[in-house]
Amino acid sequence: MDHRRDIDGLRAVAVLPVILFHAGLPLLPGGWLGVDVFFVISGYLITGLLIEAHRAGGISLLAFYERRARRILPALFVMLAVTTAMALLWLPPQDLADYGASLGLTGAFLSNLWFMTQTGYFANAAEAHPLLHTWSLAVEEQFYLVFPLLLAGLLRWRLPVLPVLTGLLALSLGFAVWAVGPYPEQVFYFPAARAWELLLGAVLALPSGALPPKALPGDAGLLLVLAAMVLTSGSEASLFPGVGPVVAALGAGLILRFGAGRYGRVLLTSRPAVGLGLISYSAYLWHQPLLALAEARQIDPLGPRVQLALHLGLAALSIAVAAVSWALIEEPVRHRKVAWLAGRARALWASAAGSVAVFLAGLGLYAADGLPGRVTSEVAGVSSAQIFNPWRGRCDANQAGEVPQHPVSACSLAGRAPLVYLYGDSHAAMMWGSLRRELMAAGRAGYVATQGGCPALPGLAVKDDPRALSCDAFARAGMADMTERPKDSVIVLALRWPVYLEGARFDNGLGGVEPGASRVAMPLPMLEATLDDAERRAEVLKLMAKGISELARTHRVVLIYPVPEAGWDVPGRLARMGMFGNFPQRLSLPQDLAERRAAAVETMLDGVRGPNVLRVRPRDLFCDGQTCALNDGGVSFYADNNHLSAEGSALVAQAVMQAINGL
């Protein structure tokens, strides 16, 4: 294919917003859409090269994969080596073990599957992963394991290429639209849900007769890409697929098919844009490790302006490093200027050896639990703090919101009556491991049904949550299931009450601001309505009290009051303080923060009265009247910024059993 400067410029338009978005620049809330643009460009260029190869005598898979290896691997291996060295110095054991998992799977081009498992309520913030961005490389390589074979077969047997690729494009997009319902956080990383973007580029690269450049479509395409990046707001996972990705992909497609346009050409073929486009791959490689490792090194936030300035400086550094990487690594290897890699066989063997070495290095770090011998025992202890519930994936409600019907298993315990039924959201799920242990020791029957992120009481749903209907279905199914249980059963109800009422994630006022989208609970019939906040809060509290009262009419109910929220990722903060400062034997927050945050909810809970209502107040376990403890020496009570660790949940589980035994 003839080299097109406007495609280099389009690469710049793709990579710079991604970097600035991850740096936290608020002017580009949809900057992450640059990855979608990259996928379309990739599909277009690769398909064009494969068609040229077919016309020249046939598609050679060895030649294709050699070209991919020379393009992708050398710069990737260097970035991984440097990042791993810094990770060994700066990451606490659990984070290094997680890094090792992502490193090993990056070597196998499967890291998207790892990050798919790291989404959800028990996962650390994605921004903390130095190799998060490698998910897109994995998706591309998984696509190109199949696509060249498919295209070669279609061309060889003279089958209709355009209808087949268009059909696959439609299937992929349809799958993405469907999957966002049952798998809202995972679909972002699904290769099958991303294939439509690569296939869009492929379809546009198919020959269709002479098609001269046209100014209007090209200019419109650039406008669509930029508008999508400026106007699309929200997290990547919550907005894919959606209008933003589709508009950005279509805009990129117009530029690829019709050229840059009269006005777009001024930008896309300018020297700065072309220059940045040429080094865009290395810039993409380096920006995330620099930003993530800088975050890992910080104990306290620097303040919004200083933090943004630091991130923008690191973004500029990533571009400078990219220029060096392009000149010294990418270009020499790609153009066979490195003598010992000039031949195809050596290049492929070196690529395979490098990938295996990366995989083994990552596996070693993961298997060694992040090398805890590098740090003190206290740092190692808090770093390993986790939620004790290895059965959560099997015990959660399914994606239709149906209460799971367990056999006698990890999620359902056989034992003597009364049955103890744990019910709620992730704050119930975090309790199951410890409560299960207590129930087993007492020989009591137990059952658990949870759905993370759901208010779990009928008539309530979270605004802008695609699972709103399934959450309500879970709540109704759960209520029906609980009321049908024997009358002597005990219902243990645990929810993250304040986040649904307040909506906003917790800010402790000391630099600990919980990341993530708001969780504003609404009455389900009013989900799309605009309510005054006071009216909304009153309705939500009324529905919460109604649900609890209905349960308490037929069964004894143990209400677990709000767990004090931390704001900080407690294990991470403790580990960083131990590695780069002084380890605190008792990290704490003012108790009045927890009291103010939970005041309205606790007033509602206090108002639910009756002989069947029992109460467990976690604040009594962690707070002393002045402060609330987040750890006790090398034991962290928290697994993240709001969920309790195994040790923290054990204290609450013991209090629950004391309440039940006192009946």
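The values are calculated or read from the model by the stated rules, or taken from the named source; none is laboratory data. Source: prediction; values computed, not measured. Cβ coordinates were reconstructed from backbone atoms using ideal geometry, including for glycine residues, and neighbour counts include every protein chain displayed.
Structure notes:
- Qualifying residues in the range 1-29 (those that are among the small types (Gly, Ala, Ser) and either in contact with a His (Cβ under 6 Å, 6 or more places away or on another chain) or at pLDDT below 90 (or both)) - the one surrounded by the fewest Cβ atoms within 10 Å (Cβ to Cβ): Gly24
- From the options Arg257, Arg262, residue that is in contact (Cβ under 8 Å) with a residue 12 or more places away in the chain and either assigned to a helix (DSSP H, G or I) or under 17 Å from His22 (Cα atoms) (or both): Arg257
- Checked against the criterion of being free of Cβ contacts under 8 Å to residues at least 60 places away in the same chain and touching a Ser or Thr at 6+ places or on another chain (Cβ under 9 Å), the range 68-90 contains not a single residue that satisfies it.
- Listed by first and then second residue, the pairs linking a residue in the range 639-663 that is touching a residue at least 24 places away in the same chain (Cβ under 8 Å) and in the same structural domain as Lys487 (by TED's automatic domain parsing) to a residue that is assigned to a helix (DSSP H, G or I) and among the polar types (S, T, N, Q), with Cβ atoms under 7 Å apart and 6 or more places separating them unless they lie on different chains, are His643/Ser426; Ala646/Ser434; Ser649/Ser434; Ala650/Ser434; Ala653/Ser434.
- Residues (in a helix (DSSP H, G or I) and not small (Gly, Ala, Ser)) located in the range 461-499: Leu469, Cys471, Asp472, Phe474, Arg476, Met479, Asp481, Met482, Thr483, Trp497, Pro498, Val499
- The range 167-193, residues that are in a helix (DSSP H, G or I) and of a type outside the set (Gly, Ala, Ser): Leu168, Leu169, Leu171, Leu173, Phe175, Val177, Trp178, Val187, Phe188, Tyr189, Pro191
- All positions within the range 477-496 that are of a type in the set (D, E, K, R) and buried (at least 19 other Cβ atoms within 10 Å of the Cβ): Arg496
- Extreme residue, nearest to Arg573 (Cα to Cα), among residues of the range 116-149 that are modelled with pLDDT of 90 or more and outside any helix (DSSP H, G or I): His129
- Test for Ala320: is it modelled with pLDDT of 95 or more, assigned to a helix (DSSP H, G or I) and exposed (fewer than 14 other Cβ atoms within 10 Å of the Cβ): yes
- Residues of the range 577-596 that are buried (at least 22 other Cβ atoms within 10 Å of the Cβ) and farther than 14 Å from Gly633 by Cα: Leu589, Ala594.
- Among residues of the range 529-556 being over 13 Å from Leu460 (Cβ atoms) and within 31 Å of the chain's Cα centre (by Cα), the one that is surrounded by the most Cβ atoms within 10 Å (Cβ to Cβ) is Leu531.
- Within the range 281-332, the set of residues being of a type in the set (Val, Ile, Thr) and within 22 Å of Ala12 (Cα to Cα) comprises Ile319, Val321, Val324, Ile329.
- Within the range 320-351, the only residue that satisfies the criterion of being touching a Ser or Thr at 6+ places or on another chain (Cβ under 8 Å) and of a type in the set (S, T, N, Q) is Ser325.
- Note on the range 623-646: residues that are under 21 Å from Phe506 (Cβ atoms), outside any strand (DSSP E or B) and within 30 Å of the chain's Cα centre (by Cα) amount to 8.
- Number of residues in the range 430-476 that are farther than 26 Å from Val652 by Cα, surrounded by fewer than 22 Cβ atoms within 10 Å (Cβ to Cβ) and touching an Asp or Glu at 6+ places or on another chain (Cβ under 8 Å): the value is 2.
- Filter result (surrounded by fewer than 19 Cβ atoms within 10 Å (Cβ to Cβ), in contact with a strand residue (DSSP E or B) (Cβ under 8 Å, 6 or more places away or on another chain) and farther than 21 Å from Leu593 by Cα) within the range 497-526: Pro523, Leu524
- A single entry from Ala575, Ala594, Ala529 fulfils the requirement of being modelled with pLDDT under 90 and at negative phi: Ala529.
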